[in-house]
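**Student:** I'd like to ask you about the structure that follows.
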């Protein structure tokens, strides 16, 4: 498994509120509305425990919540993906209205695929963490 970690982001809210938002994937709809438009990701669908979307040139991919540890961690596992991918959102209390957040992706990538997507995944993990932090800081 190859691991990609975001920089640690600071969110101006307590970890209970941040966890409440991130642990219900229906809330991604609000975050998506604030995200810059892209033609590479389409047909987003959400419910409490899962989300799916179509990536241009790749097909439909989904993620399902597999574990929630209150106010600390939300773990996801890929569905309908050609490789196994796990995602963790980790939260840590800093002070009363500040929470640290880190996004980690672990992917079981064959060597050829890793060579093709390694740079994009390194950039993408920070891009997603930035988007989440920006949306949660509003």
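The values are calculated or read from the model by the stated rules, or taken from the named source; none is laboratory data. All figures in this text were calculated on a predicted structure; none of them were measured in a lab. Glycine also receives a Cβ, built like all others from the backbone with ideal geometry; neighbour counts cover every protein chain displayed.
**Student:** Please count how many residues of region 53-77 are modelled with pLDDT of 90 or more and on the phi < 0 side of the Ramachandran plot.
**Tutor:** Our first condition is that a residue be modelled with pLDDT of 90 or more; within region 53-77, this holds for 62-77.
If we keep only those that are on the phi < 0 side of the Ramachandran plot as well, we get 62-70, 72-77.
Number satisfying all stated conditions: 15.
**Student:** Also, quick follow-up: Given the conditions (1) in contact (Cβ under 8 Å) with a residue 12 or more places away in the chain; (2) touching a strand residue (DSSP E or B) at 6+ places or on another chain (Cβ under 8 Å), which single one is not true for residue 30?
**Tutor:** All conditions are met except number (2).
**Student:** Which of the strands (runs of 3 or more DSSP E) contained wholly in region 1-119 include at least 3 residues that are touching a helix residue (DSSP H, G or I) at 6+ places or on another chain (Cβ under 6 Å) and surrounded by 15 or more Cβ atoms within 10 Å (Cβ to Cβ)? Even if it seems obvious, please write down each step before you answer.
**Tutor:** Numbers: elements: 2-5, 9-11, 41-46, 50-55, 59-69, 73-79, 85-95, 98-107.
Those strands (runs of 3 or more DSSP E) span 98-107.
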